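Structure, as structure tokens:
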Amino acid sequence: MAKGKSKFKNSGAYIAAAILVAVMYIVNAILVDRIYWNNSNVSQTTSRVMNSLNKINGQLSEINNDTIAIAANLKTDMEAITKDTEARYGNIIDAEHAFEATEGLSDEAMRRYNYAKNIINSYKQKLDAMGTSAVTSGNYQEMGYILKQDIYPMQVTASEMLTSTIDIVSADTGKIMRKNTIQSYLLMTMMLVVAILGEIAVWLFARKAKKARLELEEREKSLAEVDAKLKTTRQKASDLAVINVLTGMKNRYALDNDINDRLESGRFQIAVFDMDNFRSINDTYGYDFGDEYLAAVAEKLKEEFSEVAEIYNITGNEFCFVFNKNISESQAMGIAQNIQRVMSSPYEVLNLAVQLPCSGAVYHYLPGDCLNVNSLLVKLDTAMRNAKMNGGNMISTVMNI
Amino acid sequence: MNKRKSIFRAIASCTLSAMMLISAGCGKSQNAGGPGGQGGQGGPPPKIAVITKQQLSFWDDVKKGAEDAGKELGAQILYTVATSDNDYVSQVAAIKEAIAADAKAIVIAPNSPTELNSAFDEAVAKGIKIVNINSKVNDYGKIDSFIRSSDIDSGAVAARNVAKILENKGADYEKLGKIAIIGHTASTAEERIEGFISVLTSYAAQKIKKPTVTETDPDKLREAEEAAEAEYNSKLEKFSKSFIQGDRVAERKKAEEESLRLLGEDGNGISIMFATNTNTTLGVCDAVSKLKLDDKIIVIGFNSDEEELSFIRKGTLDGTVVQNPYMMGYVGVRYAKRLIGGTSVTCDLDIGATFVNGSNMNDEYIQLLLYPDKF
């Protein structure tokens, strides 16, 4: 459960990071887009304004050229010139309208433009009011004076003020562009910082994750160790239930477990043995000595017969042998005799040689002979007791009925 | 776990590279949209020193124009005005101050045609641009631009308008009486006077009629024509001798005294008086007004001080030649700014001169000239 929760927590962090990255991208895209369109608009406005101002200046220049041409007697068709002038002045008015329709121009640009516009209006009025007497009378000196003294100052002032307006618009555009550049750099720096922080966060996150994984592995390892220990302990406990502590042989419960299932349909050779008058050893040398003696006997039996039979220490000094499946009835009898020989041979216990005779019973079990292990053992014990009652140190056989 | 980690790393590195791309994109669009010329400069506004001649309304208007240009085009104006129109010492000091203040250009109306040259050399050595306004410095080749109203032409404006007044009055050039000229001490006075005399003389040459030759005898005709020519020439000679000039003066009071000296008590036969700047104009008006000769003498002056305008309204002053000082200051600073930005400018700009009198002083254009703040 805890593992699942932490997994969920981790994926939550990833989702948050992904959302953060997406938001960063969107904000960045919006800001970049804004700067781009702002620049684009400024460029368009500037170009429209410049066109208008240049057009006004150009037309003014044309009108002035005509005036000079009249004064120099290069043009004399006053009607045509007046018509041209009116058309050019119409163009100036159009360009003025185009300029005035432009939004977002600075007060400085408007102020300078208004100055120029006023001069142009006066200039036109001056041209309209200009007496044609000097022109028609052909007084070129007077025409020169009119040009130089009345018209020229207005034309030069208007032209300078128009070009000044162009300069101001240029400077304004420069200012906006610079502001946008600063904004772009700020944006870039901001995004760079965010990206670097993101990288650091990823690194820290990865490091933390690695540490957590190592901790988890460590915990799993110690858990496995605990588990193994537990298994061993459980095995030991389980073994204790079916093993005789003194001799290390399986006990009666183990025998019950092992052969219970075979009683109904199994066919096998089984034998029991115990020392004749073992009690005299305990009485004479004490229980500790008796235990040592039994342990020595059991060790010898395991050494000699564990390959041919499963050996159980079912009570104090009583051993039960369940012979392997391949052992025949006659072989079992032979082995039983060997068992008797081994058990009754002398053993050195605590520097004393001890020797006791033993009796046993062999049973050639056939399927369904007994209902349970208990009745099987009763049969064997009965046969063995008969042998003991007959003087002991012999092997009897359980008779099949 | 590792896979996730690498995906996240990939996203992060993509973000980083996308940032770089976007950055490159921003820079590009910026350059593409940038304006040409001097609009694109960054940094603090450059300092431009504006140095004028003396404390008069004419120079106040120059200052106003310069300051407007500084504000509109982005320049810091360091303004200095000398104490009088021959005070070049404070102008030399102002140039040195401008150099010390790290000015990038100097716009100057020099009080001496030669005495400022060594200070200019110092400024030019520091890469400072020099825009000369109003009157020209002599023998100095490192001026970047010269902006003025031609003084000869300005004198001609005065003469032409005197001629108009005479024509309206139906005056006879032969019986015109004396034409008195009160000039100021600066170099501009000489050119104004030169323009005035030559143009008024040319009008006289048109207006003074040659005697009609009635002789029919072909033998005597040539003689009669020569006699007529000689008479005409002598009339022109007489006319040219009718110009009298007072001593050059700088102050209004001195101009008044000089005018009174010429006028005597009853005008001394003077019918026209021409003054070449504000102070001399005011001095002449003071004298004419004092002697109550306002109606008898045509007075033509220079510049457009408020007192001069009130003399026009009173009728003492018949008209004044106005040079658009606001424009001079404005264009001076504008050219300086362009020169700092490396853009070329006109090296000699004549901004013209306009005649202002009682009948046109309320015209829109004249009002713009007189009151540049009005628009």
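Scan segment A:224-242 and tell me whether some residue there is touching a strand residue (DSSP E or B) at 6+ places or on another chain (Cβ under 7 Å), within 30 Å of A:LEU377 (Cβ to Cβ) and assigned to a strand (DSSP E or B). No: zero hits. Residues that are free of Cβ contacts under 8 Å to residues at least 40 places away in the same chain, at the interface with another protein chain (Cβ under 7 Å from one of its Cβ atoms) and aliphatic (A, V, I, L, M) within segment A:136-192 comprise A:MET154, A:VAL156, A:ALA171, A:MET188, A:LEU192, listed in sequence order. Here is a check on your reading of the model: is B:GLU215 surrounded by 13 or more Cβ atoms within 10 Å (Cβ to Cβ) and under 20 Å from the mean Cα position of the chain (by Cα)? Criteria not met by B:GLU215. Only one entry of A:THR189, A:THR163, A:THR181 meets the criterion of being closer than 30 Å to B:MET328 by Cα, β-branched (Val, Ile, Thr) and part of a helix (DSSP H, G or I), and that entry is A:THR163.
When segment B:143-181 is limited to residues that are within 21 Å of the chain's Cα centre (by Cα) and among the charged types (D, E, K, R), the one that is farthest from B:VAL299 (Cα to Cα) turns out to be B:ASP144.
Listed by position, the strands (runs of 3 or more DSSP E) enclosed by segment B:125-201 that each have at least 1 residues that are more than 26 Å from B:PHE58 (Cα to Cα) are B:178-182.
The one condition from (1) closer than 24 Å to B:TYR371 by Cα; (2) polar (S, T, N, Q); (3) without any contact (Cβ under 8 Å) to a residue 60 or more places away in the chain that B:SER84 does not meet is (3). Taking helices (runs of 4 or more DSSP H) as the structural unit, those lying wholly within segment A:270-369 and holding at least 3 residues that are within 23 Å of A:ALA254 (Cα to Cα) and of a type in the set (A, V, I, L, M) correspond to A:287-305, A:329-343. The numbered conditions (1) among the acidic types (Asp, Glu); (2) under 28 Å from B:ASP348 (Cβ atoms); (3) not assigned by TED's automatic domain parsing to the domain that holds B:TYR330 are all true for B:GLU167 except (2). For segment B:63-122, residues that are buried (at least 16 other Cβ atoms within 10 Å of the Cβ), among the charged types (D, E, K, R) and assigned to a loop (DSSP other than H, G, I, E, B) total 3. Take the conditions touching a residue at least 40 places away in the same chain (Cβ under 8 Å) and not in a helix (DSSP H, G or I) and apply them to A:LEU105. Does it pass? Spelling it out, A:LEU105 is indeed touching a residue at least 40 places away in the same chain (Cβ under 8 Å) and not in a helix (DSSP H, G or I).
Confirm whether B:ILE182 is buried (at least 23 other Cβ atoms within 10 Å of the Cβ) and within 15 Å of B:ARG248 (Cβ to Cβ). Spelling it out, B:ILE182 is indeed buried (at least 23 other Cβ atoms within 10 Å of the Cβ) and within 15 Å of B:ARG248 (Cβ to Cβ).
Among the residues of segment B:32-61, just one is within 24 Å of B:LEU369 (Cα to Cα), at pLDDT below 95 and among the aliphatic types (A, V, I, L, M), namely B:LEU56.
Could you please give the count of residues in segment A:79-100 that are modelled with pLDDT under 90 and within 30 Å of B:LEU73 (Cα to Cα)? Don't jump to the end; show me each part of the working.
Start the filter on segment A:79-100 by keeping residues that are modelled with pLDDT under 90, which leaves A:79-86.
Next, only the ones that are within 30 Å of B:LEU73 (Cα to Cα) stay: none.
Residues flagged as modelled with pLDDT under 90 and within 30 Å of B:LEU73 (Cα to Cα) within segment A:79-100 amount to 0.
The values are calculated or read from the model by the stated rules, or taken from the named source; none is laboratory data. Remember, predicted model here, so these are calculated numbers, not experimental data. Heads up, the Cβs are rebuilt from the backbone with ideal geometry, glycines too, and the neighbour counts pull from every protein chain shown.
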